[in-house]
Amino acid sequence: MNSVHVVLCTYNGERYLDEMLRSIAWQTLPAKSVTILDDASSDRTCEIVESYREKLPLHFYRNETNTGHRAAFSKALEYARQLVQPGDFIALADQDDIWNPTKNEKLVQGIGSKALAFGDAQIIDGQGNKTADSWRALAHISKDSNICRQVAGINNVTGMISLFRVELLNEILPIPEGVTVHDRWIAMMALKNGGIVAIDETVASYRIHGGNAVGGVATPCMSKTLATAISWNETIIANADRLKMNDGEINFAKKHLRWTQHKTAHTTAFRFLPWVFAHRDDLFLKTSAVTRLKQILFSALGLPLAKKLFGKS
């Protein structure tokens, strides 16, 4: 059987890291290598990683200064690429979650001929108590996706419950600076280079504790959300060739960018409503009809008016 290689980035993760590393060590399909890049932690994170030298096939690197999760994962994946063989798999890990013992095994079995497979996760809090049975259900995550949804910021592939073929690294790396979340970029590359399959198995416990770097965090203010969307769209358009986007997908990205820019600068965006309605399934999560209607109507509200009406920043 082809090998699994784990890639993990850490930053001040001493509180939950030991439990995470233990779950990697207890896999029924053990990893051939575990590449960990610490992003300049100031707590006991590195000490905890070092304590696993005899328990894991560890390749440990440290950044002298903090670079952020996108740059850290791009660098860590470059390190891991030196260890893999054709046909192997990469499994991304986060420092504060817990893998089920059969995570690697289930995802390898489920990937079939696709480039990437992802499962589901139960939700736990900071004390390890289960708060929800399914991350997929809680976050209204669809089992399928497309490039337009990713352009709109809807990513259904959470890195820590996914596994992908090492051949995809040639498309993924380097991860552009404008990418907001590394697993979103990886998912887009997988969509265009072999496809994605979702399995129904719960493969991990996803810890939401208020200090997550990505996922489970509070929704940012409207101005920051719009600025992030503009940067993300600009990055996608600049990398359209790498993403193998067709004309329809590129036009969607350009329209989404114009819509977001307009909402940032103008009180209303009513002229975009026909386009929003036509693309509602790509622009919004699958929720109730009432919620969907509210989302469509609110999409016509620009930042200046939102500030006056609702005090939004």
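The values are calculated or read from the model by the stated rules, or taken from the named source; none is laboratory data. Not measured: the values here are computed from a predicted model. Positions of Cβ are backbone-derived with ideal geometry, glycine not excepted, and every protein chain shown enters the neighbour counts. We work out accessible area using only protein heavy atoms, side chains counted, and drop any ligands, DNA or RNA first. Shrake-Rupley method; radii C 1.70, N 1.55, O 1.52, S 1.80 Å.
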For the stretch 130-144, pairs from a residue that is closer than 16 Å to Glu201 by Cβ to a residue that is surrounded by 15 or more Cβ atoms within 10 Å (Cβ to Cβ) and among the polar types (S, T, N, Q), with Cβ under 6 Å and 6 or more apart or across chains, are Asp133/Gln122; Ile141/Asn156
Of the candidates Thr264, Thr268, the one satisfying the condition of being open to solvent by less than 50 Å² (accessible area, probe 1.4 Å), farther than 29 Å from Lys143 by Cβ and β-branched (Val, Ile, Thr) is Thr268
Of (1) part of a strand (DSSP E or B); (2) surrounded by 18 or more Cβ atoms within 10 Å (Cβ to Cβ), Thr131 fails just (2)
Expected output for the stretch 25-51 (first residue under 11 Å from His5 (Cα atoms) and at pLDDT 95 or above, partner small (Gly, Ala, Ser) and not in a helix (DSSP H, G or I), Cβ below 6 Å, 6+ apart or cross-chain) is Lys32/Ser3
Considering the stretch 34-45, residues that are open to solvent by less than 10 Å² (accessible area, probe 1.4 Å) and within 22 Å of the chain's Cα centre (by Cα), and then whichever is farthest from Asn100 (Cα to Cα), we arrive at Asp39
Note on the stretch 282-306: residues in a helix (DSSP H, G or I) and free of Cβ contacts under 8 Å to residues at least 60 places away in the same chain are Ala289, Val290, Thr291, Arg292, Leu293, Lys294, Gln295, Ile296, Leu297, Phe298, Pro304, Leu305
Taking the stretch 101-136 and keeping only residues that are among the β-branched types (Val, Ile, Thr) and under 20 Å from His209 (Cβ atoms), one is left with Ile123, Ile124, Thr131
Taking the stretch 38-97 and keeping residues among the hydroxyl-bearing types (Ser, Thr, Tyr) and out of contact with any Lys or Arg (no Cβ under 9 Å at 6 or more places or on another chain) leaves Ser42, Thr45, Ser51, Thr65, Ser74, Tyr79
